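Below you'll find the structure, written out as structure tokens, and then a few comments.
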Amino acid sequence: MTTDNRFLQNRKYIAANFVLFAVLFLSVSFNKTYIRPAYGHTAIVGVLTGSFSNFMAAWIISLFPFAAIRAGRMSLKKARLVFYGISVLVFAALAVEEIAPYTGASSTFDVFDLMASGFGSLAAIAVFEVFLKKRLLQ
């Protein structure tokens, strides 16, 4: 691969992750500004809107390596190992932040936030597996 092609590939990874980050930021901001104040007073919706940012953070951040894995010449086994490993690390970082806040993103422990982080990482793994199934069927 020439230097120009590598540069273009790197730009694609950066652009894909920038789009993912924008989706994360906009969805969490929209939830915080509009959805949660309007509908967060009920029990179930309050929990869902309150834990939405944890779910989205785990899901989107776990998807960050997807573009690089997709374009890379990795074996299926290695791609799974990398993706699953990163998803577990994202969940672990969010769990530690929830249990013992170190960035100031969380001020109190909430088991629903912890569960949402786990579901977000699992959702990212599910997206990855669906992509692999579709790719293998082609």
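The values are calculated or read from the model by the stated rules, or taken from the named source; none is laboratory data. None of the values given here were measured: they were computed from a predicted structure. Neighbour counts run over all protein chains shown; Cβ positions are idealised from the backbone, glycine included.
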(message) Can you pull out every residue in the stretch 91-138 that is at pLDDT below 80 and among the hydroxyl-bearing types (Ser, Thr, Tyr)?
(response) Tyr102, Thr103, Ser106, Ser107, Thr108
(request) Check whether at least one residue in the stretch 30-53 is more than 22 Å from Phe109 (Cα to Cα) and buried (at least 16 other Cβ atoms within 10 Å of the Cβ), and report yes or no. (result) no
(request) Among what's in the stretch 62-75 and is without any contact (Cβ under 8 Å) to a residue 60 or more places away in the chain and of a type in the set (A, V, I, L, M, F, W, C), pick the residue that is surrounded by the fewest Cβ atoms within 10 Å (Cβ to Cβ). (result) Met74
(request) May I ask you to verify whether Ala79 is touching a residue at least 60 places away in the same chain (Cβ under 8 Å), part of a helix (DSSP H, G or I) and surrounded by 16 or more Cβ atoms within 10 Å (Cβ to Cβ)? (result) no
(message) Among the residues in the stretch 101-112, are any in a helix (DSSP H, G or I) and crowded, with 18+ Cβ neighbours inside 10 Å?
(response) no
(message) Could you check the stretch 5-19 and list, in sequence order, the residues that are modelled with pLDDT of 75 or more, charged (D, E, K, R) and either loosely packed, with under 12 Cβ neighbours inside 10 Å or farther than 15 Å from Gly72 by Cβ (or both)?
(response) Arg11
